[in-house]
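Here, each number is a calculation from the coordinates, and none is a lab measurement. Just so it is clear, the structure is predicted and the values come from calculations on it, not from any experiment. Backbone-built Cβ (ideal geometry, glycine too); neighbour counts: all protein chains shown.
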Amino acid sequence: MILSDKRILEEIDKGTILIEPFERNNLGTNSYDVHLGKHLACYSNRVLDAQQHNKIEHFEIPLDGYVLQPGVLYLGVTEEYTETHAHVPFLEGKSSTGRLGIDIHATAGKGDVGFCNTWTLEISATQPVRVYRGMPIGQLIYFNVEGEIETIYSAKKSAKYNTRTIKPVESMMWKNKF
């Protein structure tokens with residue numbers, strides 16, 4: 001089940017959900033709005049290799065915005081740092097973002113219980129569109145977990161995205177053995 005606004009507030013009070021910064025007006029009926037951070041990144045090479053560490057180049061979104069181009073994968077980041085200790089967080093795009101032709105994640109919309117970090121966004125645009133730091137970009141939805149958790153994400157030795165950051169993080173697929 002999806003947590004309601006009142007339940008999200010209760011879980012924040014209990015410490016099972018943390019959102020920094022938290023602003024009450026970003027709380028929806030059953031979600032919390034997150035915002036685009038000032039950092040974007042693009043891969044250095046046009047051809048990516050799943051078995052290699054693909055380097056990225058970071059840059060800041062200027063105050064007057066940045067125009068996303070179709071056919072380019074941008075890695076963005078949320079302004080909000082979150083911790084989720086007892087629920088499964090899902091990051092979804094806002095309908096207003098989607099209506100501008102912006103997708104904010106390719107496949108990574110689900111977080112794990114124990115995920116503690118900002119969210120890296122896999123951003124693409126269907127046509128050129130100007131984006132701004134601090135604009136609403138998505139919403140977090142929290143689901144209850146059925147059953148006991150054996151190992152939360154932040155305690156897994158194999159967790160690849162545990163280092164707290166304010167910048168987007170490139171794919172760590174190359175750390176997998178295949």
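Quick notes on this one:
- Residue list for the range 30-47, filter: assigned to a loop (DSSP other than H, G, I, E, B) and buried (at least 16 other Cβ atoms within 10 Å of the Cβ): ASN30, SER31
- Test for TYR81: is it touching a residue at least 12 places away in the same chain (Cβ under 8 Å), surrounded by 12 or more Cβ atoms within 10 Å (Cβ to Cβ) and either of a type in the set (A, V, I, L, M, F, W, C) or under 17 Å from ILE166 (Cα atoms) (or both): yes
- Pick from the range 90-125, criterion of a type in the set (Ser, Thr, Tyr) and not in a strand (DSSP E or B), ranking: surrounded by the fewest Cβ atoms within 10 Å (Cβ to Cβ): THR107
- Near pairs, Cβ below 7 angstrom, 6+ apart or cross-chain, from the range 57-77 (over 17 Å from HIS35 (Cβ atoms)) to any residue that is surrounded by 12 or more Cβ atoms within 10 Å (Cβ to Cβ) and of a type in the set (S, T, N, Q): PRO70/THR126; LEU73/SER124
- Failed item, numbered, when ASP103 is tested on (1) without any contact (Cβ under 8 Å) to a residue 40 or more places away in the chain; (2) out of contact with any strand residue (DSSP E or B) (no Cβ under 7 Å at 6 or more places or on another chain): (2)
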